[in-house]
């Protein structure tokens, strides 16, 4: 079934999204990260804008989701890249080229809650 | 059917029916093989700098990992094309989009431990990278999954070697019979023709 981008799609029960949790859901072959942070819902594309890793495998740092692959951080409410973590584990390592390091921002989706159901639309 | 006209590709049709986002998969694969190709290049430099008595001890192990990572590129690229993807025309763009950081020679390369840590970082990123492809294809794209999990098995062995060399934690397995043996992706598994 193909869903229109403006259609609200039920993704989970409210009880499945406890505070400070996140999970991956699929809408028409698009993986979406949904979560609740300090009582506020968020939804974004599950692919890290840097190199495409699954953000659902990451963790929170404040309002940021931290990508498990390279540690980049994105604010889940604004979508903005907040931390472009360096790969350098030692001072003697040489920093990566900026072309490799660059990243866009998160793609955000609209999310709402009605009754005991959470809805996302891919607009 | 006219010349140049591509018929329905059942190999792709079944993926779509299984819910695989083929475009996303092609992107992840291109990033993965980009990482393998750049790793082959940078491991050449790292191996060259495994000098002295200490360096001599790990030179062959670095070479084993280097050739096997090149074989990973060879094993997966045909599948990329089968899926309708392609390697970027420009090698610079190919390197820039690689899924893992370049394994640059560290400033204090005379310390073998320093080289080993860079090698370890590269293998660990590769495990995460191919893990993403495995997660996406498990139970849905059996061919890509088969290739990716074979690559991942060898990356896990590489990681174990370097951890053993750094921390003495046993890797659990012995040396390769020859450089580029690739027990999971190599000729025994018929994934590469080299």
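Every number here is computed from the coordinates shown, using simple stated rules; none is lab data. Note that the structure is predicted; figures quoted are calculated from it, not measured. Counting neighbours? That spans all protein chains shown, and the Cβs are built from the backbone with ideal geometry, glycine included.
Some points to look at:
- Being outside any loop (DSSP other than H, G, I, E, B), surrounded by fewer than 19 Cβ atoms within 10 Å (Cβ to Cβ) and within 11 Å of chain A (Cβ to nearest Cβ) is a condition met by at least one residue of the stretch B:73-94.
- Test result for residue B:126, in contact (Cβ under 8 Å) with a residue 60 or more places away in the chain and more than 14 Å from chain A (Cβ to nearest Cβ): no
- Applying a threshold of 8 Å to beta carbon distances and a minimum spacing of six or more residues, or different chains, the list of pairs starting in the stretch B:70-91 at a residue that is touching a residue at least 60 places away in the same chain (Cβ under 8 Å) and ending at one that is in a helix (DSSP H, G or I) and surrounded by fewer than 17 Cβ atoms within 10 Å (Cβ to Cβ) reads B:79/B:143; B:82/B:11; B:82/B:143; B:83/B:12; B:83/B:22; B:84/B:12; B:84/B:22.
- Residue count for the stretch A:54-77 under the criterion of being touching a residue at least 12 places away in the same chain (Cβ under 8 Å) and either exposed (fewer than 15 other Cβ atoms within 10 Å of the Cβ) or away from every other protein chain (no Cβ under 14 Å) (or both): the result is 10.
- Number of positions in the stretch A:85-110 that are within 12 Å of another protein chain (Cβ to nearest Cβ) and either closer than 18 Å to residue A:62 by Cβ or outside any loop (DSSP other than H, G, I, E, B) (or both): 5
- Output for the stretch B:106-119, where each listed residue is part of a loop (DSSP other than H, G, I, E, B), at the interface with chain A (Cβ under 8 Å from one of its Cβ atoms) and crowded, with 17+ Cβ neighbours inside 10 Å: B:106
- Residue A:33 being part of a loop (DSSP other than H, G, I, E, B) and in contact with a helix residue (DSSP H, G or I) (Cβ under 9 Å, 6 or more places away or on another chain): no
- Total residues in the stretch B:120-150 satisfying the condition of being buried (at least 20 other Cβ atoms within 10 Å of the Cβ) and outside any helix (DSSP H, G or I): the figure is 1.
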